[in-house]
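**Q** A single structure is presented below for examination.
The values are calculated or read from the model by the stated rules, or taken from the named source; none is laboratory data. On a predicted model such as this, the values are computed, not experimentally measured, just so you know. No Cβ is skipped: glycine too gets one built from the backbone with ideal geometry, and neighbour counts run over all protein chains shown. Quick note on the areas: whole protein, heavy atoms, side chains included, nothing else; ligands and nucleic acids left out. Shrake-Rupley method; radii C 1.70, N 1.55, O 1.52, S 1.80 Å.
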Amino acid sequence: MKLILALDFGGTKLATGLTNNGSKEWLNYKRCLSPTNADVNTDLSIMYELIDSVLEGQKPDVIGVSFGGPVDANTGTVRLSHHVKGWENIPLKKLLEDKFGVSANIDNDANVAALGEYSFGAGRGYNSLFYITVSTGVGGGWILNGQPWRGFEGMAGEIGHAIIDPDGPLCLCGKRGCVERLASGPYMAQDVREILRKETKKGEILRSLVENNLDLITGKVISEAANSGIS
Ligand SMILES: [Zn+2]
């Protein structure tokens, strides 16, 4: 049985899990928030601590990495993170292989999630699918004819900074009206807070979910409000 160490570098969260090849259960799993002023070095040192605590002295047979940003999956190099400083051209595959002495594979988180849904989830039985992730950012991943389709420089499905409203609000990438500016968790929360501060009679459900403390509104709270009715 192969022991797989799985790592997830998100924009605001870091997670690691240990599982046996073919199993759908974690043997061990730990996650934590990355600090607001995180950079590549703090992300890596937090991740190494998480890895030590899930491995408990065991040695993995292989490492799989999901990264929240554009990745060159062939070389295992992170191109950049829009959310955490210092990730430009970091050879993450090599860093992990040198440190742990086993093979590591790295891909963009939406591509990995698309593969997960294709293999174990909503995409089972289908030949091709497009997966959309909405979290700190907005990303997408293709499975075409049973294979991940990464496109030129791994950018296939990277819909986050496609412009859908040229006159829309300014995005962290410098453009206006990107999908991510309008639909990511943190930006939706920011927009909703601004609207509710101006329009004090709107948002009954949202206000009750956060007990009138608008600072507590997050993308998750907005989803809960949407699920429970129009607010
Ligand atoms: Zn953008």
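**Q** Within the accessible area of the stretch 1-159, what % is carbon and sulfur when the probe is 1.4 Å and the other protein chains stay in place?
**A** 52 percent
**Q** Could you check the spin-label model distance between GLU117 and ASN213? Points 7 Å from the Cα along Cα→Cβ, value in nm.
**A** It works out to 3.4 nm between the two label points.
**Q** Starting from the Cα of LEU170, step 7 Å along the direction of its Cβ; do the same at SER103; then give the gap between the two resulting points in nm.
**A** Calculated label separation equals 4.7 nm.
**Q** Taking the stretch 64-151, which trypsin sites (Lys or Arg not before Pro) meet the DSSP loop condition and have no more than 15 other C-beta atoms within 10 Å?
**A** ARG124
**Q** Now a separate question. Using each residue's phi in the stretch 149-155, evaluate 6.51 cos²θ - 1.76 cosθ + 1.60 at θ = phi - 60° and report the 3J(HN,Hα) Karplus result to the nearest Hz, with x for Gly and Pro.
**A** Taking θ as phi minus 60°, the curve returns 10, 9, x, 4, 6, x, 9 Hz for the stretch 149-155.
**Q** Let me ask something additional. Rounded to the nearest 10 Å², what accessible area does THR42 show when all protein chains are kept and the probe is 1.4 Å?
**A** In the full protein context, THR42 sits at about 50 Å².
**Q** In addition: Between SER34 and residues 5 or more places away or on another chain, which pairs have amide H atoms under 5 Å apart, with H built 1.01 Å from N, and which residues are they?
**A** When sequence neighbours closer than 5 places are left aside, the close amide H contacts are LYS13, LEU14.
**Q** The stretch 187-231: which GluC sites (Glu not before Pro) are DSSP loop and have at most 12 other beta-carbon atoms within 10 angstrom?
**A** Here the GluC sites (Glu not before Pro) that fit, given the DSSP loop and packing criteria, are GLU199, GLU211.
**Q** In square nanometres, what is one fourth of the surface area of the convex hull spanned by the alpha carbons of the stretch 7-162?
**A** Projected area, direction-averaged: 9.0 nm².
**Q** Let me ask something additional. Enter the angle in degrees (range 0 to 90, nearest 10) between the Cα long axis of helix 185-198 and the first principal axis of the Cα atoms of the chain, meaning the one along which they spread out most.
**A** Approximately 10 degrees, to the nearest ten.
**Q** In whole percent, what relative contact order does the chain give with Cα contacts below 8 Å and a gap of six or more residues?
**A** 12 percent
**Q** Sticking with this structure for a sec: Evaluate the distance, in nm, between pseudo-label points positioned 7 Å from the Cα of ILE195 and of ASN89 along their respective Cα→Cβ axes.
**A** Placing both labels 7 Å along Cα→Cβ, they lie 4.2 nm apart.
**Q** ALA156's amide H: which non-local residues (gap 5+, or another chain) put their own amide H closer than 5 Å, with H modeled 1.01 Å from N in plane and none for Pro or chain starts?
**A** GLY151
**Q** Between 0 and 90 degrees, rounded to the nearest ten: what's the tilt of helix 40-55 against the longest Cα principal axis of the chain?
**A** Between helix and principal axis, roughly 60 degrees.
**Q** Also: Could you order CYS32, CYS178 by accessible surface area, starting with the largest, using a probe radius of 1.4 Å?
**A** Solvent-accessible surface, decreasing: CYS32, CYS178.
**Q** What are the ³J(HN,Hα) couplings of the stretch 94-102, residue after residue, when phi is run through the Karplus curve with 6.51, -1.76, 1.60 and θ = phi - 60°? Round to Hz, x for glycine and proline.
**A** Along the stretch 94-102, the couplings run 5, 4, 6, 5, 5, 6, 10, x, 10 Hz.
**Q** Based on the Cβ-Cβ distance from SER228 to LEU55, what FRET efficiency comes out when R0 is 25 Å, to the nearest 0.05?
**A** Step by step, r from the Cβ atoms, then E = 0.05.
**Q** Still on this structure: Going 7 Å from the Cα of ASN74 toward and past its Cβ, which residues in the stretch 134-176 have a backbone nitrogen under 15 Å from where you end up?
**A** Answer for the stretch 134-176: 149-156.
**Q** In terms of modelled amide H atoms, which long-range or inter-chain residues lie less than 5 Å from the amide H of ASN105?
**A** Distant-sequence amide H within range of ASN105: ILE63, GLY64, VAL65.
**Q** With axes computed from alpha carbons, what is the tilt in degrees of helix 109-120 against the longest principal axis of the chain, rounded to the nearest 10 within 0 to 90?
**A** Taking Cα atoms only, the helix is inclined about 70 degrees.
**Q** Rolling a 1.4 angstrom probe over the protein heavy atoms, how many square angstrom per residue are accessible across the stretch 70-203?
**A** 55 Å²
**Q** A follow-up question, please. Past 30 Å, Cα to Cα, is the threshold; run LYS13/LYS201; LYS99/LYS175; LYS85/LYS201; LYS94/LYS175; LYS85/LYS175; LYS30/LYS202 against it and keep the listed order.
**A** Listed pairs above 30 Å: LYS13/LYS201; LYS99/LYS175; LYS85/LYS201; LYS94/LYS175; LYS30/LYS202.
**Q** Tell me, what ³J(HN,Hα) does each residue in the stretch 27-35 have, in order and in whole Hz, if you take phi through Karplus 6.51 cos²θ - 1.76 cosθ + 1.60 with θ = phi - 60° and put x for Gly and Pro?
**A** Along the stretch 27-35, the couplings run 7, 7, 8, 9, 9, 7, 6, 8, x Hz.
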